[in-house]
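First comes the structure, then the notes that go with it.
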Amino acid sequence: MSVPINPLRDYVVCVREEKKELKTKSGLLIAPTVSDEDTTLKVVAVGKDVKQVKEGDRIIAKSYSQTDAKLEFGGEQYQLLKEEDILATVK
C-alpha cells in the first residue's frame with residue numbers, strides 16, 4: 001500500500017481495520033458501541049524515531065488522544081498518532 005503521508009519523528013500512520021459483524025449464538029446482530037473506539041489499527045508508515053512498532057503491525061491505540069489526527073487522502077482514511085499513544089500490539 002502506497003501511503004501519501006510520511007510521518008516525522010515518533011509518529012505512526014495507521015488505517016482502521018474493518019470491523020467484523022458481531023452476532024449472538026441465536027443470530028442477533030450486535031451494534032457497534034462507543035467502546036469500539038479503542039480499536040485495532042494497522043500500521044502503514046512509521047517515523048524515524050519509532051522504536052517498538054513497524055509497518056504491518058496491528059496495534060491498539062488510545063481512543064481519545066491530544067496528539068492524534070484523522071486524515072483522508074484519495075478516499076482512504078488515515079490516523080496519525082504518537083508512538084506513546086499505542087497501548088499494545090496484536091499478534
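Subtracting the Cα-Cα distance of GLU84 and VAL53 from 0.36 nm times their residue separation leaves 10.1 nm of extension gain. The ranking of VAL13, VAL90 from fewest to most other beta carbons within 10 Å of each one's beta carbon is VAL90, VAL13.
All of the numbers you see were taken from the coordinates with simple rules; none came from a lab. All values reported here derive from a predicted model rather than from experimental measurement. We place every Cβ from the backbone using ideal geometry, glycine too, and count neighbours over all the protein chains shown.
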